[in-house]
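Student: Sharing a structure below in structure tokens format, with a few things to ask.
The values are calculated or read from the model by the stated rules, or taken from the named source; none is laboratory data. As the structure is a prediction and not an experimental result, all values here were calculated from the model. Positions of Cβ are backbone-derived with ideal geometry, glycine not excepted, and every protein chain shown enters the neighbour counts. Note: areas computed on protein heavy atoms with side chains; ligands, DNA, RNA excluded. Shrake-Rupley method; radii C 1.70, N 1.55, O 1.52, S 1.80 Å.
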Amino acid sequence: MKVISVLLCVLIMQSAAKGGVDPKLILTEIDDNHVGKTFLNAIQIGLATGSPIHEIQSYINNIRFMLEQEQKDADLYIQNTQQSCNRLIHDFSTNLAYHSSQLKAHQRIVEENNNNLQRALNKIAEVSVEIEENSKKTNAGQSERDVQYAEFQAKQKDHNEAVAAIDEAYALIEHLSGGASFIQVKGRFTKVLSRLQNQPHQSSLLFQPILTMMTQLASRADQDGAKKVLQLLANLRVQIVDSKSSDEDIESQQSANWQKFLSDLVNERNTLQDQRQNLEQSILNYQSIIEESEGKVEYHSAEVERNKANVEGQDQWCRQQQDIYQIESQQRVQALDLISRIVDHIQDKIVTLKEYLRERLQLQ
């Protein structure tokens, strides 16, 4: 393209000559340009060696052929470049669309699983509280049941003791009523009386009439009194046995109620523990999915940025190549037009050119 600027200067010289400007002044301006000086040197050498005009015209024609070949090469280059650009931009755009889609998908997966994880964490906290409440209910119920059973055992012991004391007293009084003297059973009588007196507080009132009558028997033996005592002992024994039986029924019902309640608590605890175990596994799964998807988010984010840069960079480079092609093609068109005009008019202006070059040689 060096020759283009010179040829443009020649055209300016021609135009200036037509407009009344001294062509030699234009040639001087061309000579001040490094490329123009080189061009004039080449023509000067050609003329100095006796090269005919047609050789100079041939030289110019060679330049024209060179420009035409450059344009063909440029056309082929821009065609191949455009095809390559279209292919690369398509590939980069396809990759960008894919990675953008994957990025959004995995970002959505991370968001959804973070929400699921938070719900699971909240739920497992609730379940843990329910398990703790279940344990408290179980412990409190067991403690209450232990107290109930202990009270039942104590009552049963008191009932058994009362029945045994009554049976012993009944045998003793029956022995007295059979004709035995008080002196013979005094020691035993005192022992039985003491046992009756030492009954638990809740039973002591029931024994009070019997104790009173037995005390009277100790001071004065009386068959009628003995029969009354035996009747009182028999009645009291029935009463205590009934009370014992009632307590046993109550205990049986309380035990059944507790076993039912305990079974419900155990089932509830098992269900809650299974639920907590499932939640723990779900939490591990959510965390694993989040970790994996976060890695993919990072990867696809980098790929999005890389492919976006590739698309932008490739598009910018392709546009630059197209701009360069347009500019250089326009320059070649102008140069070819200039060469055609030079070839058409060089014969008329060669005299002025030779005169300038001779003067130029003398000044050197």
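Student: Name the residue, out of S282, S255, that is surrounded by 14 or more Cβ atoms within 10 Å (Cβ to Cβ) and either touching a helix residue (DSSP H, G or I) at 6+ places or on another chain (Cβ under 6 Å) or of a type in the set (F, W, Y) (or both).
Tutor: Working: S255 fails: either touching a helix residue (DSSP H, G or I) at 6+ places or on another chain (Cβ under 6 Å) or of a type in the set (F, W, Y) (or both).
That would be S282, the only listed residue that is surrounded by 14 or more Cβ atoms within 10 Å (Cβ to Cβ) and either touching a helix residue (DSSP H, G or I) at 6+ places or on another chain (Cβ under 6 Å) or of a type in the set (F, W, Y) (or both).
Student: Could I ask something else about it? Just one of Q331, Q273, Q277 is open to solvent by 60 Å² or more (accessible area, probe 1.4 Å), at pLDDT below 95 and part of a helix (DSSP H, G or I); which is it?
Tutor: On the way: Q273 fails: at pLDDT below 95; Q277 fails: at pLDDT below 95.
One residue alone meets the criteria, Q331.
Student: Name the pairs whose Cβ atoms lie under 8 Å apart, with the first residue in region 324-337 and under 12 Å from E68 (Cβ atoms) and touching a residue at least 40 places away in the same chain (Cβ under 8 Å), the second among the polar types (S, T, N, Q) and open to solvent by less than 70 Å² (accessible area, probe 1.4 Å), and 6 or more positions between them or separate chains?
Tutor: If the second residue must be among the polar types (S, T, N, Q) and open to solvent by less than 70 Å² (accessible area, probe 1.4 Å), the pairs left are S329/Q71; R332/Q71.
Student: Name the pairs: first residue in region 264-284 and touching a residue at least 60 places away in the same chain (Cβ under 8 Å) and closer than 22 Å to T138 by Cβ, second residue open to solvent by 60 Å² or more (accessible area, probe 1.4 Å) and part of a helix (DSSP H, G or I), Cβ to Cβ under 7 Å, at least 6 apart or on different chains?
Tutor: L265/K137; L272/E130; L279/K123
Student: Identify, from the list A120, A125, A97, the residue that is among the small types (G, A, S), within 26 Å of E303 (Cβ to Cβ) and assigned to a helix (DSSP H, G or I).
Tutor: Exactly one residue qualifies, and that residue is A97.
Student: Given the structure, is Q153 under 30 Å from N257 (Cα atoms) and part of a helix (DSSP H, G or I)?
Tutor: The answer is yes for Q153.
Student: Taking only pairs six or more apart or across chains, which ones have beta-carbon atoms under 7 Å, a first residue in region 242-257 that is farther than 15 Å from G141 by Cα and in contact (Cβ under 8 Å) with a residue 12 or more places away in the chain, and a second residue that is open to solvent by 70 Å² or more (accessible area, probe 1.4 Å) and among the charged types (D, E, K, R)?
Tutor: Note: pairs meeting the criteria are D247/K155.
Student: For region 88-111, give me the residue count where each residue is among the small types (G, A, S), exposed (fewer than 14 other Cβ atoms within 10 Å of the Cβ) and under 23 Å from W317 (Cα atoms).
Tutor: 1
Student: Further question: Among the residues of region 134-155, which ones are under 46 Å from the mean Cα position of the chain (by Cα), without any contact (Cβ under 8 Å) to a residue 40 or more places away in the chain and open to solvent by 80 Å² or more (accessible area, probe 1.4 Å)?
Tutor: Those that are under 46 Å from the mean Cα position of the chain (by Cα), without any contact (Cβ under 8 Å) to a residue 40 or more places away in the chain and open to solvent by 80 Å² or more (accessible area, probe 1.4 Å): K136, N139.
Student: When both residues are 6+ apart or on different chains and their Cβ atoms are under 6 Å apart, which pairs have a first residue that lies in region 291-310 and is open to solvent by 90 Å² or more (accessible area, probe 1.4 Å), and a second that is part of a helix (DSSP H, G or I) and of a type in the set (A, V, I, L, M)?
Tutor: E294/V110
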